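Participant: Structure in structure tokens, see below.
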Amino acid sequence: MDLSATRFCRNLSAEDVELIRSEGRRQRFAVDEEVFHEGAPGDGLYIILEGAVSIVTRLPTGQNCVLSQMESGDYFGEMAVYDGEPRSATALVRESLDCLFVSLDLIQRIVERTPLAGAMLVRDASLRLREFNQRFLKETLRSERLSLVERLMRSFVHDFRNPLNVIGIAAEMAASETASPASRRQARDRVQKQIGILNRMMQEIVDFTRGTQVTTVLPKVVYADFLRDALLDLEAGAGQRGVRLVVDGALPAVRVRLDGARFARVFHNLAQNAYDAMVGQKDPTITLRFEVTPTQVLTEFSDNGPGIPTQNLPRLFEPFFTFGKDHGTGLGLAICDRIVQDHGGRMAVRSESGCGATFQIFLPMPLPGDTDRLEREVEARKPLDVIPPV
Ligand code: ADP
């Protein structure tokens, strides 16, 4: 390529171009050779007559990151011209390179003779900075998306463990030679139920990643019926870990709006945390207690583990907040909180270090005269009783 047509020279006078041609140092490099290395003194810039160069830097992870690519007609290594600092990156030859080295001293002389050359350098620097910003933004978004995927995967694994454990226990129960036909049927029912839960969870993840809101139609159920079922699963898990499960008082026989399969995950996640906290503990115990008022039903889920440090309490329900666990995802309680909120309720926690933890679930009681949403939707779809004559 002719020097006068290169990006650096195209706006310069013929005299300036001649000066560069005569005083510039012609250099050739083979593929994979370094023109300069990161940290080397910045002594001038390079105009590419033929070939291609990658400007690369080494990341703390040891990988090379390509900052930009330069081809015939471009110039590189100009940063040293602005600040006189050592090279901030390495120039690596991609296609055999024929270039002209223009020293710092020569550039200064040209800028003094032709101030326009200085302005052009500044404009190019600003263009490159813009390009770099765009790429940086894209890269940041990409890596944030990747780390979100990683976090989601962890949550996926976290939530799948509970149902899989229950399926494992049920399978063992069914396979036992002494199992009665009734207990085999019970095991089959439990496996089927957990498969249903797994399917629901997958659907939720799909909905979550699509960014759509999960719209739940909440049927009215007797809370005690739901709890009896949930307690069966809890007992199996607790028994396996040598944890005592105590129900303090009667199960509340009140009607609440509940998506049972989803709400069971609140108990699973709370139990999982309690098991984790009580490992190696003497007489590990989970206690469930209920309280009904005219407006809400309160469920208290307590353990006698080491409790939660006071400074952690305000952050407990935040997604990804985890403390003191090797493989914590910090999603268990955030998911509980979201499920309870989707039921119109709220969660709270009480704990002191060394004195166990109590999680509270407040569920609202349906208001008198409140119709199921499903019923309302069916009502809205009713055809007209009288069709006007045409
Ligand atoms: P993860 O269990 O994956 O860390 P969670 O959201 O379920 O995520 O819990 C967040 C943190 O709350 C846990 O890391 C733990 O420090 C604390 N925690 C939750 N439940 C209990 C409990 N019953 N006893 C002590 N600490 C608990």
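The values are calculated or read from the model by the stated rules, or taken from the named source; none is laboratory data. Treat the numbers as computed from the prediction; the structure is a model and nothing was measured. Using ideal geometry, Cβ is built from the backbone for each residue, glycine included, and neighbour counts are taken over all protein chains shown. We work out accessible area using only protein heavy atoms, side chains counted, and drop any ligands, DNA or RNA first. Shrake-Rupley method; radii C 1.70, N 1.55, O 1.52, S 1.80 Å.
Participant: If one computes P(r) from the Cα atoms of the stretch 125-207, what percent of pairs lie at distances over 20 Å?
Facilitator: The answer is 58 percent, as a whole percent.
Participant: Using only Cα atoms, tell me the angle between helix 223-240 and the longest principal axis of the chain; keep it within 0 to 90° and round to the nearest 10.
Facilitator: In the chain, helix 223-240 runs at an angle near 70 degrees to the longest axis.
Participant: Moving on to the next point. Of the accessible area of the stretch 8-50, with the probe set at 1.4 angstrom, what percent is carbon plus sulfur?
Facilitator: Numbers: 1120 of 2440 Å².
Taking all protein chains in place, the stretch 8-50 shows 46 percent carbon and sulfur surface.
Participant: Continuing with this model, one more query. Pairs of alpha-carbon atoms within less than 8 angstrom and 6+ residues apart define the contacts here; what relative contact order does the stretch 1-156 have, in percent? It would help to have the intermediate numbers written out before the result.
Facilitator: On the way: 252 pairs, mean separation 43.9, N = 156.
With pairs under 8 Å counted, the relative contact order is 28 percent.
Participant: Can you tell me the Rg and the Dmax, both Å, for the Cα atoms in the stretch 226-286?
Facilitator: 12.5, 39
Participant: Here's something else I'd like to know. Using θ = phi - 60° and the Karplus form 6.51 cos²θ - 1.76 cosθ + 1.60, what ³J(HN,Hα) does each residue of the stretch 353-367 get, whole Hz, x for Gly and Pro?
Facilitator: Per residue, the Karplus-derived 3J(HN,Hα) values read 3, x, 10, x, 10, 10, 9, 10, 10, 9, 10, x, 7, x, 6 Hz.
Participant: Hey, another quick one. What accessible area per residue, rounded to a whole number of Å², is obtained for the chain using a probe radius of 1.4 Å?
Facilitator: 58 Å²
Participant: First check a/c for the stretch 10-52, with a ≥ b ≥ c the square roots of the eigenvalues of its C-alpha gyration tensor; if it is under 1.5, answer rounded, and if not, answer prolate when a/b is larger than b/c or oblate otherwise.
Facilitator: Cα axes put the stretch 10-52 in the prolate bin.
Participant: Ok, one more. Report the gain in length on full extension from residue 202 to residue 146: 0.36 nm times residue separation, minus Cα-Cα distance, nm rounded to one decimal.
Facilitator: Gain in length upon complete extension: 18.2 nm.
Participant: Please find, in a Gaussian network model of the chain (springs between Cα atoms separated by less than 10 Å), the residue of 48, 335, 167 whose mean-square fluctuation is greatest.
Facilitator: Looking only at 48, 335, 167, the largest GNM fluctuation is found for 48.
Participant: So what is the 222 nm mean residue ellipticity for the chain from helices alone, if each DSSP H run of at least 4 adds -39500 (n - 2.57) and you divide by all residues, rounding to the nearest 500 deg cm²/dmol?
Facilitator: So the calculated ellipticity at 222 nm is -15000 deg cm²/dmol.
Participant: Compute the Rg/Rh shape ratio of the stretch 1-118: radius of gyration over Kirkwood radius, all on alpha-carbon atoms.
Facilitator: 0.98
Participant: Length gain on complete extension for the stretch residue 157 to residue 342, per 0.36 nm per residue less the alpha carbon to alpha carbon distance?
Facilitator: 64.4 nm
Participant: Moving on to the next point. Grab the other residues whose beta carbon is less than 9 angstrom from that of residue 102, score K and R as +1, D and E as -1, and report the net.
Facilitator: Once all neighbours under 9 Å are counted, the net charge is 0.
Participant: Now for a different question. What whole-number value in cubic angstrom gives the convex hull volume per residue for the C-alpha atoms of the stretch 37-195?
Facilitator: In the stretch 37-195, the Cα convex hull volume per residue is 163 Å³.
Participant: Separate question: Would you mind calculating the gained length between residue 276 and residue 50 on full extension (0.36 nm times residue separation, minus the Cα-Cα distance), in nm to one decimal?
Facilitator: Answer, rounded to one decimal: 74.9 nm.
Participant: Give me the distance between the Cα centres of the stretch 82-153 and the stretch 39-64, rounded to whole Å.
Facilitator: If you average the Cα positions of each part, the centres end up 10 Å apart.
Participant: Taking chymotrypsin sites (Phe, Trp or Tyr not before Pro) that fall in a DSSP loop and have at most 14 other Cβ atoms within 10 Å as cut points, what is the longest piece of the chain between them?
Facilitator: 1-319
Participant: Angle, helix 14-23 long axis vs. longest principal axis of the chain, Cα atoms, 0 to 90°, nearest 10?
Facilitator: 90 degrees
Participant: Counting only protein heavy atoms and a 1.4 Å probe, tell me what percentage of the stretch 226-337's accessible area is made up of carbon and sulfur.
Facilitator: Carbon and sulfur atoms account for 54 percent of the accessible area of the stretch 226-337.
Participant: Sticking with this one: Kindly identify the stretch 66-136 as rounded, prolate or oblate by the Cα gyration tensor criterion: order the square roots of the eigenvalues as a ≥ b ≥ c, call it rounded if a/c is under 1.5, otherwise compare a/b with b/c, prolate if a/b is larger, else oblate.
Facilitator: oblate
Participant: Based on the Kirkwood radius over alpha-carbon pairs, what value in µm²/s does the Stokes-Einstein equation return for the translational diffusion coefficient of the stretch 100-164 at 37 °C and 0.692 mPa s? Could the numbers behind the result be given before it?
Facilitator: On the way: Rh = 16.2 Å.
The Stokes-Einstein estimate is 202 µm²/s.
Participant: Jot down the per residue volume, in cubic angstrom and as a whole number, of the convex hull over the alpha-carbon atoms of the chain.
Facilitator: 314 Å³
Participant: In the stretch 99-188, carbon and sulfur make up what percent of the accessible area (probe 1.4 Å)?
Facilitator: Details: 3740 of 6130 Å².
Answer for the stretch 99-188: carbon and sulfur cover 61 percent of the accessible area.
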